[in-house]
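Step one of this worksheet: look at the structure below.
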Amino acid sequence: MKTYLIILLFPFLMQQQNNYQIDFGEEKKGLYWSVVNDGVMGGLSRGRKKLTKNSLLFKGNVSLDNNGGFSSLRRSFSEFDISNFEYVEIKYRSSGISLALTFAVSRRWYVPNYKVSLDETSSKWKTVTIKLTGLRKYYIGKAMNEKLKKKL
């Protein structure tokens, strides 16, 4: 079993002339996020979230037992036009595990999504800026040979 700790802190934002910002914390947008564990498929991993004054803490244990192996923090699906944005910036820290930032294009789990890997940070804060057109397409966890295309 692998233990992990992930903290997302203000800000998570998409950059353009006017920024769209997801500000985590008790009285901010952290309430819209929830944990999905591999128990939906019979796995034994356990993750949980905790809202603090200015961050969203996500931690738990990942277990490979019973064909498991994931715990994720997700926001409920909502449509949002990102065509006017070029970058996404995220500040995070983690211990013992690498992460991924994923953008879904549909509520249906089997429709390909786009993601980028985030390095493990040895519990140190890290801010990364990611070009949206650099997000790679994935189909049920398998990398495809495509990147996100911007609609103009």
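The values are calculated or read from the model by the stated rules, or taken from the named source; none is laboratory data. Bear in mind that the values here come from a model prediction, so they are computed numbers and not experimental data. Cβ placement follows ideal geometry from the backbone for every residue including glycine, while neighbour counts extend to all protein chains displayed.
Can you say whether Gly47 is at pLDDT 85 or above, within 17 Å of the chain's Cα centre (by Cα) and surrounded by 14 or more Cβ atoms within 10 Å (Cβ to Cβ), as far as the supplied structure shows? Give the steps one after another, and end with the answer.
Details: at pLDDT 85 or above: yes; within 17 Å of the chain's Cα centre (by Cα): yes; surrounded by 14 or more Cβ atoms within 10 Å (Cβ to Cβ): yes.
Yes: the conditions hold for Gly47.
So is Val105 under 16 Å from Asp38 (Cβ atoms) and modelled with pLDDT under 85 or not? Quick ask: steps written out before the conclusion?
Values: under 16 Å from Asp38 (Cβ atoms): no; modelled with pLDDT under 85: yes.
For Val105, the condition - under 16 Å from Asp38 (Cβ atoms) and modelled with pLDDT under 85 - is not met.
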Next on the checklist: Here is a check on your reading of the model: is Leu64 buried (at least 16 other Cβ atoms within 10 Å of the Cβ) and of a type in the set (A, V, I, L, M, F, W, C)?
Outcome noted: no
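Which one is farthest from the chain's Cα centre (by Cα), of the residues in segment 90-104 that are in a strand (DSSP E or B) and of a type outside the set (A, V, I, L, M)? First the steps, then the outcome.
Step one: list which residues in segment 90-104 are in a strand (DSSP E or B), which gives 90-95, 99-103.
Remaining after also requiring of a type outside the set (A, V, I, L, M): 91-95, 102-103.
Values: Lys91: 11, Tyr92: 10, Arg93: 12, Ser94: 12, Ser95: 15, Thr102: 5, Phe103: 8 Å.
Looking at residues that are in a strand (DSSP E or B) and of a type outside the set (A, V, I, L, M), I get Ser95.
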